[in-house]
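One structure below.
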């Protein structure tokens, strides 16, 4: 025990000493524990990006919390009445960090780069990009895409410098990352830290920022700390200035901390538990149904998260119209139904509290990731499954290993996961038959589902039509119990009041590039 | 050597008696855990999460509302089982290797010595971490990892003992009278070499319990909900400000157990010390 305490105190005091040496105008932020380990800053090819990506890159448009869109690298846009073309006017006089100009040619180069990547679905509907003039481009569509602006506002739509991207090849995003954003990438060590320096030529802030010029912070260090309580200790001892995501269960403690301020934004996350539908016992829909209804969302919300946030009864955040499904299909805790369907499926309760069928025990693998919140939710889910007679063995992985394991396709059964996304196309991302293993952890590949997916993704001309189609796809997934929904958190971040001056209002869906230019450091 | 009298000598010293009593209590608690623990170790009651020590929960509850006392009692099983099993495996294998190397000498001895010296140069925790990375987390792999980590110690000790004893005249006489290698090893060398190995094993058990706790702290030992003292401390770090008892009590359990084992080991050294006995006489 001595060694642990020694190490812990040594670590904290070391960081405090380091922090005291930090100069004014420099700041250290900590990424949320769930963003730890994002392997690159290559927005075209990455499947995971952390929040710092939006500090390096600008996007064509960005989205405000009220779902409205605002221009960033595009100043205005319009779509043809039939949805078969979109015209964007681009911001003039914008240059990449490497001095290359941003113009219509950049977009002509950029859009086709998505072909063959995991992110291709966001640009799939674009047939080709035509140059109208140096600062005007026209997207000629293969089919209407009512989700165009949302896609253009995604973090994956940060626009990189063509020259840097092509010259670095596969190393792009790790060895270097060049955008037009408020910060330049100085150095990046995966899983540890990213050092950013101010882009003094920054001139492409959107309407969501008050400051239209370069950022106020000169050098920004983004640290990755997988353990929330360690990050909290760092903030408390002055080792860091801001935690970009704070688990909800820390709120009571943070509110009593002097000098620390907590800000809460509406959430875009959902905790859920996919079930690998391709292997026993989850090939049986009844077992999946039983698992889905064994999860007591309310107990988790009230006791683990102190009632902050909301329960999840579907796959989507409740702010989305596509989450308003037929109430009969919503998945809400019903242990009696769980037990009944397990009985029907022939799983008989044994004296040890576990069900069995034909000599096989109902014992499954339950995976989770490092991080206090993950492990806690997982342990509660384990106990809730046990209550209906399902045994679950927990294995804790780090973020990189778990993805490699999912890609093997047959290793996993249940996993507690969380995603952050504010659009119904996340249903396609996690359930399309084209992405089995990862990110389709449920290994869900069913003809009817693929048909509904195709219709929702490509067959909608207007936003309303898209809502109807995605709702139908969502309902089909719910009816097949390919996952168990758990919890919808809010976003919290905390900062040291003696070090950081926050803008009066924080706009946008998350704490991203548009706010970072407004944040100041006390001198 | 008369075992009973050695044990009696051990119990007559205060530290021997106290450590024996403490260890006895811990072993009984571990063996009878399901009977004496006031609650089940896996029973969650989220409404009672992070409760401070009270009449209902003597040591308080953890972040899932589980009774901490019950988890510590059950955790003793994990700690002792891992500590004792892995050191026993390590001792048996180490003695076999060390005795063979010391007795037969030659190329086999050189090979064993090289491997042992090599593994001796790594810290035990590093060896254990490497092995668990290969085997995957869990109780069985923790035991294997700890036994391999401590193997070098017992191999070296036995080898040294056997080599020293081999040149004694009574061994030479036995060999001259035509005794086979098996007879010499098992009837004469090992019984005489075993005493220091047992003492070293006793002391290593304390270290092994700490190593198990360390691996558990990293989430590599027993997987939830099976309680292990190290893993309990690990989850307690997240609650250190609101429920410090979650980290304090398992820490105390580790400290008390390891101190008791070490004191008992020390007392055992004295009790088994032949020279001291001669002096006393």
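The values are calculated or read from the model by the stated rules, or taken from the named source; none is laboratory data. Only a predicted model underlies this, so the values are computations on that prediction, with no experimental measurement involved. Neighbour counts are summed over all protein chains in view; Cβ atoms, including those assigned to glycine, are modelled from backbone coordinates with ideal geometry.
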(request) Quick one: count up the residues across region A:490-511 that are surrounded by 21 or more Cβ atoms within 10 Å (Cβ to Cβ) and in contact with a helix residue (DSSP H, G or I) (Cβ under 6 Å, 6 or more places away or on another chain). (result) 1
(message) Anything in region A:304-329 that is assigned to a loop (DSSP other than H, G, I, E, B) and either closer than 25 Å to residue A:379 by Cβ or within 14 Å of chain B (Cβ to nearest Cβ) (or both)? List them, or say none.
(response) A:305, A:306, A:307, A:308, A:309, A:312, A:313, A:314, A:315, A:317
(message) Going by what's in this entry, would residue B:205 be described as within 13 Å of chain A (Cβ to nearest Cβ) and either part of a helix (DSSP H, G or I) or touching a residue at least 40 places away in the same chain (Cβ under 8 Å) (or both)?
(response) no
(request) Considering only region A:273-300, state which residues are crowded, with 18+ Cβ neighbours inside 10 Å and under 15 Å from residue A:377 (Cβ atoms). (result) A:273, A:274, A:291, A:294, A:295, A:296, A:297, A:300
(request) Within region A:56-96, count every residue that is at negative phi, in a loop (DSSP other than H, G, I, E, B) and either touching a strand residue (DSSP E or B) at 6+ places or on another chain (Cβ under 8 Å) or buried (at least 19 other Cβ atoms within 10 Å of the Cβ) (or both). (result) 13
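If the requirement is being in contact (Cβ under 8 Å) with a residue 40 or more places away in the chain, touching a strand residue (DSSP E or B) at 6+ places or on another chain (Cβ under 8 Å) and surrounded by fewer than 21 Cβ atoms within 10 Å (Cβ to Cβ), which of these qualifies: A:409, A:435?
Answer to the selection: A:409.
Working only within region B:241-255, note down all residues that are at the interface with chain A (Cβ under 7 Å from one of its Cβ atoms) and modelled with pLDDT under 90.
Result: B:241, B:242.
For every residue, the table says whether it meets (1) assigned by TED's automatic domain parsing to the domain that holds residue A:460; (2) in contact with a helix residue (DSSP H, G or I) (Cβ under 8 Å, 6 or more places away or on another chain); (3) within 29 Å of residue A:245 (Cα to Cα).
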| residue | (1), (2), (3) |
| --- | --- |
| A:380 | yes, yes, yes |
| A:389 | yes, yes, no |
| A:396 | yes, yes, yes |
| A:408 | yes, no, no |
| A:419 | yes, yes, yes |
| A:429 | yes, yes, yes |
| A:432 | yes, yes, no |
| A:447 | yes, no, no |
(request) Considering each residue of region B:175-191, count those that are part of a helix (DSSP H, G or I), free of Cβ contacts under 8 Å to residues at least 40 places away in the same chain and either over 36 Å from the mean Cα position of the chain (by Cα) or surrounded by fewer than 17 Cβ atoms within 10 Å (Cβ to Cβ) (or both), and give that number. (result) 7
(request) For region B:221-237, enumerate the residues that are assigned to a loop (DSSP other than H, G, I, E, B) and more than 9 Å from chain A (Cβ to nearest Cβ). (result) B:221, B:222, B:226, B:227, B:228
(request) For residue B:53, state whether it is surrounded by fewer than 16 Cβ atoms within 10 Å (Cβ to Cβ) and within 14 Å of chain A (Cβ to nearest Cβ). (result) no
(message) Give me the residue from region A:109-125 that is in contact with a helix residue (DSSP H, G or I) (Cβ under 6 Å, 6 or more places away or on another chain) and modelled with pLDDT of 95 or more and, out of that set, surrounded by the most Cβ atoms within 10 Å (Cβ to Cβ).
(response) A:114
(request) State the number of residues belonging to region A:467-489 that are surrounded by 19 or more Cβ atoms within 10 Å (Cβ to Cβ) and without any contact (Cβ under 8 Å) to a residue 40 or more places away in the chain. (result) 2
(message) One residue is enough: does region A:387-404 have a residue meeting the conditions more than 11 Å from chain B (Cβ to nearest Cβ), over 30 Å from residue A:309 (Cα atoms) and under 22 Å from the mean Cα position of the chain (by Cα)?
(response) yes
(request) List the number of the failed condition for residue A:366; all other conditions in (1) more than 14 Å from every other protein chain (Cβ to nearest Cβ); (2) surrounded by 15 or more Cβ atoms within 10 Å (Cβ to Cβ) hold. (result) (1)
(message) Restricting to region A:334-376, count the residues that are assigned to a loop (DSSP other than H, G, I, E, B), touching a helix residue (DSSP H, G or I) at 6+ places or on another chain (Cβ under 6 Å) and without any contact (Cβ under 8 Å) to a residue 60 or more places away in the chain.
(response) 1
(message) Given (1) more than 9 Å from chain A (Cβ to nearest Cβ); (2) surrounded by fewer than 23 Cβ atoms within 10 Å (Cβ to Cβ); (3) under 25 Å from residue B:34 (Cβ atoms), identify the lone condition not met by residue B:171.
(response) (3)
(request) Return yes or no: is residue B:81 closer than 28 Å to residue B:230 by Cβ, away from chain A (no Cβ under 14 Å) and part of a helix (DSSP H, G or I)? (result) yes
(request) Could you list, in sequence order, all residues of region A:390-406 that are modelled with pLDDT of 90 or more and part of a helix (DSSP H, G or I)? (result) A:406
